[in-house]
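For reference, the structure discussed in these notes is given below.
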Amino acid sequence: MNGSRRRPGSRRIASFGETVFATYTRLAQEHGAINLGQGFPDFDPPSFVLNAYREATTGSQQYAPVPGLPALTETVAAVHGESLGRQLDPVANVQVTVGATEALFAIMQAMVDPGDEVIIVEPFYDSYPADVVMAGGIPIYVPLEPTESGDWSLDLDAVRQVCSDRTRLLLLNTPHNPTGKVFGAEELDALIDLAESFDFHIVSDEVYEHIAFETHIPTASRPGGWNRTLSISSLGKTFSITGWKIGWAIGPEPLIQALRGAHQWISFAVATPLQAAAATMLRQGADDGYFSEVRDLYLAKRERIVRGLSNSPFRPLVPAGSYFVIADSSALGYPDDVALCLDLPKRARVAAIPPSAFYSEGHRELARHLVRFAFCKEDEALDRAGQRLQSLN
């Protein structure tokens with residue numbers, strides 16, 4: 001019997017290759033390298049997280065309501081309402097999703113029509129352009145630029161130049177992966193002003209909100225920000241449980257209703273026992289000082305990896321948030337970041353990610369001599385990785 005003459009995939013996925021994380025994790029495994037590429041912790045979550053999970057397995061195991069389990073939506077509304085200085089309704093202003101990843105996908109499906117433009121600040125989390133393309137939208141890119149001080153700057157005039165009546169959304173990430181930039185009040189205010197002027201909305205991905213070494217300002221907390229913003233967060237980064245995939249979006253009721261309209265046909269509901277555990281964890285995290293503890297944990301790890309890199313051929317750009325550090329690798333003489341990261345697992349037995357994977361085709365040259373390391377790892381692994389990278393001197 002002859003096979004089908006039709007191509008197996010749709011046009012919308014034709015340009016998507018293997019995710020960069022799969023590629024370099026496989027190389028790490030092949031060479032027995034310390035994996036500082038993929039951003040997941042190699043240590044256990046806190047004991048209260050596992051206790052909450054065990055307790056949740058004895059309750060209801062059936063479908064949760066579409067907006068989310070009431071215990072979780074009420075907790076999210078209370079915790080985020082306090083940070084925003086407003087009272088949130090647990091149904092009208094909260095939607096639980098299968099991690100931040102599904103929230104992003106569902107928002108694009110809900111709010112982007114074919115031909116709409118979505119402004120993406122780059123380097124970007126790699127699912128952002130795919131989400132826009134799968135909704136029929138057109139990604140429009142504006143790059144961050146590294147400064148002499150090691151910070152990253154967004155050219156607001158460049159953002160204004162790409163705004164038009166076709167602009168539907170601006171996709172922002174703060175604290176930012178992979179640069180670690182934490183957007184300040186003046187930058188957020190300027191972006192909100194542009195959203196008002198050109199009548200678009202902001203999607204603010206804030207999953208690293210509790211891993212900020214400078215003050216994290218929620219986009220929706222700024223004047224005029226609430227009505228224009230869908231804010232996204234999740235459990236995975238804060239509680240070291242990236243495999244749970246429990247996230248949420250908060251925002252004004254019309255935007256949440258639009259998101260919910262797409263979410264109900266993507267996953268319908270999110271895992272009930274994990275939502276129950278999440279509610280317990282968030283309450284305890286907010287009440288018992290855990291959020292400060294996790295920030296201090298990663299601040300110490302940041303200092304550890306920066307110290308190790310500073311004694312190697314790499315020049316680290318010290319992040320203000322997240323658990324990634326970008327470093328300049330030009331002293332090693334590789335033609336580009338891909339060549340370096342393909343060789344590094346074999347040469348130094350350390351795996352990293354080439355940041356050009358997080359840039360559009362037209363801006364990949366900006367990442368030519370950059371490399372991204374994840375420091376959400378045990379201290380011993382960070383120390384051994386530092387020693388191996390110092391051997392490249």
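The values are calculated or read from the model by the stated rules, or taken from the named source; none is laboratory data. Keep in mind it's a predicted model, so treat the numbers as computed, not measured. Cβ atoms come from the backbone with ideal geometry, glycine included; neighbour counts cover every protein chain shown. Just so you know, the surface numbers come from the protein's heavy atoms only, side chains and all, with ligands and any DNA or RNA stripped out. Shrake-Rupley method; radii C 1.70, N 1.55, O 1.52, S 1.80 Å.
Structure summary
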read-out	value
Test result for residue 68, under 23 Å from residue 290 (Cβ atoms) and in contact (Cβ under 8 Å) with a residue 40 or more places away in the chain	yes
Looking only at the stretch 296-342, and only at residues there that are of a type in the set (Val, Ile, Thr) and open to solvent by 40 Å² or more (accessible area, probe 1.4 Å), the one that is farthest from residue 149 (Cα to Cα)	338
Residue selected from the stretch 255-270 under the condition within 21 Å of the chain's Cα centre (by Cα) and not in a helix (DSSP H, G or I), by the criterion nearest to residue 210 (Cα to Cα)	270
Segments classed as helices (runs of 4 or more DSSP H), wholly inside the stretch 40-159, with at least 3 members that are under 30 Å from residue 381 (Cα atoms) and out of contact with any strand residue (DSSP E or B) (no Cβ under 8 Å at 6 or more places or on another chain)	47-56
Given (1) among the aliphatic types (A, V, I, L, M); (2) in contact (Cβ under 8 Å) with a residue 40 or more places away in the chain; (3) touching a strand residue (DSSP E or B) at 6+ places or on another chain (Cβ under 6 Å), index of the condition residue 269 fails	(3)
Residue in the stretch 329-351 that is at pLDDT 95 or above and within 27 Å of residue 78 (Cβ to Cβ) present	no
So residue 136, is it open to solvent by 20 Å² or more (accessible area, probe 1.4 Å), touching a helix residue (DSSP H, G or I) at 6+ places or on another chain (Cβ under 7 Å) and either without any contact (Cβ under 8 Å) to a residue 12 or more places away in the chain or small (Gly, Ala, Ser) (or both)	no
Matching residues, the stretch 343-382, being open to solvent by 50 Å² or more (accessible area, probe 1.4 Å), more than 24 Å from the chain's Cα centre (by Cα), touching a residue at least 24 places away in the same chain (Cβ under 8 Å) and on the phi < 0 side of the Ramachandran plot	346, 347
Members of the stretch 184-226 found to be closer than 20 Å to residue 124 by Cα, assigned to a helix (DSSP H, G or I) and among the charged types (D, E, K, R), listed by number	187
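Residue by residue, here is whether (1) under 21 Å from residue 355 (Cα atoms); (2) charged (D, E, K, R); (3) crowded, with 23+ Cβ neighbours inside 10 Å holds:
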| site | (1), (2), (3) |
| --- | --- |
| 73 | no, no, yes |
| 76 | no, no, yes |
| 83 | no, no, no |
| 91 | no, no, no |
| 101 | yes, no, no |
| 116 | no, yes, no |
| 127 | yes, no, no |
| 130 | yes, no, no |
| 143 | yes, no, no |
